[in-house]
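Here's the structure, in structure tokens; my notes come after.
The values are calculated or read from the model by the stated rules, or taken from the named source; none is laboratory data. Since we're looking at a predicted model, the values are computed, not measured. Note that each Cβ is placed from the backbone with ideal geometry, even for glycine, and that neighbours are counted across all protein chains shown.
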Amino acid sequence: MKYVNFTELKIKNFLSIGNDPVVVDFKKGLHIVTGINRDKEDRRNGVGKSTVADALYFAIFGTTLRDIKKNFIANNLTASTCEVQLTFTVDDPQHGVNEFNIIRTINPSKCYIYKNGNDKTRDSIVNTNEYIHTVLSSTPEIFQNCVIMTLNNHIPFMGKSKNDKRKFIEQIFNLEVFSKMLNELRTNYNEVKRNFDVEITRLEESNNYLTAQKGHRDTFNTNKDKRIGILKETIEKHKEDLGEANDKLDKINELNDEPYREKLVELNGKLEEKQNRRQDLYTHITESKLNLSNNKEKLSKLGTEEDTCPVCLRPMEDHDHVRIEREKIYIQYQLDQADSDIEVDENNLTLFDQEIGKINKAIKIVEGKISDIEKQKFGKTHVESSIEYIGKCIKEVEDELEGVENETNTFSDSVTELEQKVETIGNELDSIKKVLNLLDVVKFVVSEEGVKSFIVKKILQHFNSKLTHFLKKLDSNCVCMFNEYFEEEIVNEKGKICTYNNFSGAERKAIDLACLFSFMDMRKAQGDVHYNISFYDELFDSSLDEKGVELVLEILNERVDKYNECVFVISHRKESIKAASGDIIFLEKHNGITKRISFVD
């Protein structure tokens, strides 16, 4: 896993920001980006809050999130060089920890990148951009949906077309390799097919010429004995080949994979039993931890009232305090016992995982045995064809021998050469046909219906679980599941299947956020890179009510603690400032110029 930690962003003469640089430090916490527009009677819109996210995106990709034309990116009031600097470190298992600094300017248009202070800039901006994308292991699509989320200014994932969904999810799950493999295989298949057609033409021409040469054979009376000897040797060789082919066929017919298949059924049964028992144990642990949490909360609140009974509201006496202390001791005993039980259950869960791993390993071994037998049986048809072909060859040579014994043939050598040529072409055709058959199989394997579908199913189990988790966290009134073709099914709280647009704006926002958080987690789990930042533009400014904002903040704060993230929420709502656990980036726009000022409540 590659870890990318952004440390600082410095913005100058970018969009509405002027000569005074706006510096943003990326450190752990929930940071709020807000401000005030002095040019519009202290309004909070049009301040340039989104400029921070745009500048980060511009530093990496050379464009803005809002797709602003290049000649409008530089601040036209200052008429100075637009410059954005981005500093970050990359912790790569292959190359260790390295510090990078990107400097991108307009007027003039330049892009530089430094690694540990050494200039790594390429010979053109395009090539430098490619190097930056390689260092960061990202694409604009991934960055816009997993790092910088402009929730109200782009089409949400659920609103995208099926093809766009497929393309994005393939990037999230690192499945683009299958599409590339399929394209390459199609190219290879077409090339091999062209070679096959060429060899077919050669075979037809050779067969036609061989037939013509045999027509002249009766006019020649030399080398009869030599030709007869050659033909007899050919017959004996074919008979030897026929004997070897029959022996090989007998061995194939003796193959039996039934014991392995019975063993496979037995192992799959054991696996299903272990998995079911493991799931039951995991559910029990979850319930135990929830009860433990509830009892801890109960214990923390017990006895906190100073002089009044929480039940009858009368003044508390000494025996009331004694009773409460006894209750606390009893609850603490239950907590200790629950901790011990959970530890035992978790140890048992580890044992189940080990047993399941052993069974899976045994299944792979047995499946390998079955596969080996099937591969050998697969060659049975080829052996039978060879036997039939050898039989035909023997018959043809015997017929030819009989003719030679009665006639002379001066074209014997030509006939022999042509037969060898035909056989060679036939062998080449057989080889090419095997390659074509193999490519057909491989094309299926990497197609939508092949192994890719199998992999997607496995990944989607985890993704759907994540999505359900976040929908519950957001108190959504629906459940959403994706199948291996990236088709979603949404079921509302009444058990009815609905479409995304059946829901209200707030309900759709909950679905969008659940998808967003799920994709971010899946990118961390499935991808090869982890970023320490995330931006949410206008997250609190529409659709969400107070409860919805509270639930989203709970998730964001959990992510800050769990992943050590630097989370930025861009908002024009003044009350959003209260949510900050980190910096408040307060921007002020005056006379068309945006600058950062100290926040004063």
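Are any of the residues in the stretch 545-552 within 17 Å of Asp521 (Cβ to Cβ) and charged (D, E, K, R)?
Initially, the stretch 545-552 is screened for residues within 17 Å of Asp521 (Cβ to Cβ), giving 551-552.
After this cut, where a residue has to be charged (D, E, K, R) as well, the list is none.
So far as the stretch 545-552 goes, no, none of its residues is within 17 Å of Asp521 (Cβ to Cβ) and charged (D, E, K, R).
Limited to the stretch 54-108, what total is found for residues that are within 24 Å of His530 (Cβ to Cβ), of a type in the set (A, V, I, L, M, F, W, C) and under 31 Å from the mean Cα position of the chain (by Cα)?
13
Given (1) part of a helix (DSSP H, G or I); (2) of a type in the set (A, V, I, L, M); (3) at pLDDT below 75, where does Ile155 come up short, assuming only one miss?
Ile155 satisfies all of (1) part of a helix (DSSP H, G or I); (2) of a type in the set (A, V, I, L, M); (3) at pLDDT below 75 except (1).
Cβ-Cβ under 7 Å, sequence separation 6+ or interchain: first residue in the stretch 286-314 and at pLDDT 80 or above, partner polar (S, T, N, Q) and outside any loop (DSSP other than H, G, I, E, B). Which pairs?
Asn295/Gln334
Could you list, in sequence order, all residues of the stretch 234-248 that are within 13 Å of Leu401 (Cβ to Cβ) and polar (S, T, N, Q)?
Passing the criteria: only Thr234.
Condition (residue is within 24 Å of Ile125 (Cβ to Cβ), part of a helix (DSSP H, G or I) and not hydrophobic (A, V, I, L, M, F, W, C)) applied to the stretch 43-54: is it met by at least one residue?
yes
For the stretch 234-260, give me each residue that is loosely packed, with under 15 Cβ neighbours inside 10 Å and outside any helix (DSSP H, G or I).
Passing the criteria: Glu254, Leu255, Asn256.
Run Asp528 past the list (1) modelled with pLDDT under 85; (2) under 22 Å from Lys457 (Cβ atoms); (3) buried (at least 16 other Cβ atoms within 10 Å of the Cβ) and report the number of the one that doesn't hold.
The single condition Asp528 does not satisfy is (3).
Lys10 - would you say it is part of a loop (DSSP other than H, G, I, E, B), assigned by TED's automatic domain parsing to the domain that holds Thr128 and in contact with a strand residue (DSSP E or B) (Cβ under 9 Å, 6 or more places away or on another chain)?
No, not satisfied.
Please state which one of Glu346, Glu367, Glu355 is surrounded by 11 or more Cβ atoms within 10 Å (Cβ to Cβ), under 30 Å from Lys301 (Cβ atoms) and not hydrophobic (A, V, I, L, M, F, W, C).
Glu346
For the stretch 370-394: of the residues being surrounded by 15 or more Cβ atoms within 10 Å (Cβ to Cβ) and β-branched (Val, Ile, Thr), which is farthest from Glu266 (Cα to Cα)?
By that ranking, first place goes to Ile394.
Got a sec? Which of Lys251, Lys270 is over 30 Å from the mean Cα position of the chain (by Cα) and without any contact (Cβ under 8 Å) to a residue 40 or more places away in the chain?
Details: Lys270 fails: without any contact (Cβ under 8 Å) to a residue 40 or more places away in the chain.
Being over 30 Å from the mean Cα position of the chain (by Cα) and without any contact (Cβ under 8 Å) to a residue 40 or more places away in the chain holds for just one of Lys251, Lys270, which is Lys251.
Which ones in the stretch 422-462 are at pLDDT below 85 and of a type in the set (S, T, N, Q)?
Asn437, Ser447, Ser453, Gln461
Considering Ser476, Ser465, which residue is at pLDDT 85 or above and part of a loop (DSSP other than H, G, I, E, B)? Quick ask: steps written out before the conclusion?
Working: Ser465 fails: part of a loop (DSSP other than H, G, I, E, B).
Answer to the check: Ser476.
Is it the case that some residue within the stretch 39-46 is under 38 Å from the mean Cα position of the chain (by Cα), of a type outside the set (Ser, Thr, Tyr) and at pLDDT 85 or above?
no
Test Arg227 against the criterion of being touching a Leu at 6+ places or on another chain (Cβ under 8 Å) and basic (Lys, Arg), and give yes or no. First the steps, then the outcome.
Details: touching a Leu at 6+ places or on another chain (Cβ under 8 Å): no; basic (Lys, Arg): yes.
Against the criterion (touching a Leu at 6+ places or on another chain (Cβ under 8 Å) and basic (Lys, Arg)), Arg227 does not qualify.
Take the conditions charged (D, E, K, R) and free of Cβ contacts under 8 Å to residues at least 12 places away in the same chain and apply them to Asp164. Does it pass?
Working: charged (D, E, K, R): yes; free of Cβ contacts under 8 Å to residues at least 12 places away in the same chain: yes.
Yes.
Which one is surrounded by the fewest Cβ atoms within 10 Å (Cβ to Cβ) among residues in the stretch 104-114 that are in a strand (DSSP E or B) and of a type outside the set (Phe, Trp, Tyr)?
First, pick out the residues of the stretch 104-114 that are in a strand (DSSP E or B): 104-106, 110-114.
Now drop any that are not of a type outside the set (Phe, Trp, Tyr), which leaves 104-106, 110-111, 113.
Numbers: Arg104: 25, Thr105: 18, Ile106: 19, Lys110: 14, Cys111: 20, Ile113: 20.
Checking each candidate, the answer is Lys110.
State yes or no: is Lys263 at pLDDT below 90, surrounded by 13 or more Cβ atoms within 10 Å (Cβ to Cβ) and within 30 Å of Asp339 (Cβ to Cβ)?
Numbers: at pLDDT below 90: yes; surrounded by 13 or more Cβ atoms within 10 Å (Cβ to Cβ): yes; within 30 Å of Asp339 (Cβ to Cβ): no.
In short, no.
A quick yes/no check of all residues on (1) within 23 Å of Val24 (Cα to Cα); (2) out of contact with any Leu (no Cβ under 6 Å at 6 or more places or on another chain):
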residue: Ile511; (1), (2): no, yes
residue: Ser518; (1), (2): no, no
residue: Ala525; (1), (2): no, yes
residue: Tyr531; (1), (2): yes, yes
residue: Phe540; (1), (2): yes, yes
residue: Arg559; (1), (2): yes, yes
residue: Val569; (1), (2): yes, no
residue: Arg573; (1), (2): yes, yes
residue: Ile577; (1), (2): yes, yes
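Given Glu588, Glu565, which one is surrounded by fewer than 20 Cβ atoms within 10 Å (Cβ to Cβ) and either of a type outside the set (Asp, Glu) or in the same structural domain as Thr87 (by TED's automatic domain parsing) (or both)? Explain how you work it out, then say what you get.
Numbers: Glu565 fails: surrounded by fewer than 20 Cβ atoms within 10 Å (Cβ to Cβ).
So the residue among Glu588, Glu565 that is surrounded by fewer than 20 Cβ atoms within 10 Å (Cβ to Cβ) and either of a type outside the set (Asp, Glu) or in the same structural domain as Thr87 (by TED's automatic domain parsing) (or both) is Glu588.
Restricted to the stretch 488-522, and to residues that are of a type in the set (Ser, Thr, Tyr) and part of a helix (DSSP H, G or I), which residue is farthest from the chain's Cα centre (by Cα)?
Of all residues in the stretch 488-522, those of a type in the set (Ser, Thr, Tyr) come to 499-500, 504, 518.
From what is left, the residues that are part of a helix (DSSP H, G or I) are 500, 518.
Values: Tyr500: 24, Ser518: 13 Å.
Looking at residues that are of a type in the set (Ser, Thr, Tyr) and part of a helix (DSSP H, G or I), I get Tyr500.
Which condition does Gly582 not pass, out of (1) assigned to a loop (DSSP other than H, G, I, E, B); (2) closer than 24 Å to Gly505 by Cβ; (3) more than 30 Å from the chain's Cα centre (by Cα), if it passes all the others?
Only one criterion is unmet by Gly582, namely (2).
The conditions are (1) modelled with pLDDT of 90 or more; (2) assigned to a helix (DSSP H, G or I), and Val552 fails exactly one of them. Which is it?
Unmet condition: (1).
Condition (residue is in contact with a Phe, Trp or Tyr (Cβ under 9 Å, 6 or more places away or on another chain), buried (at least 18 other Cβ atoms within 10 Å of the Cβ) and either among the acidic types (Asp, Glu) or not in a strand (DSSP E or B) (or both)) applied to the stretch 84-103: is it met by at least one residue?
No, the stretch 84-103 contains no residue that is in contact with a Phe, Trp or Tyr (Cβ under 9 Å, 6 or more places away or on another chain), buried (at least 18 other Cβ atoms within 10 Å of the Cβ) and either among the acidic types (Asp, Glu) or not in a strand (DSSP E or B) (or both).
Could you please give the count of residues in the stretch 463-487 that are under 18 Å from Met520 (Cβ atoms), crowded, with 19+ Cβ neighbours inside 10 Å and more than 20 Å from the chain's Cα centre (by Cα)?
3
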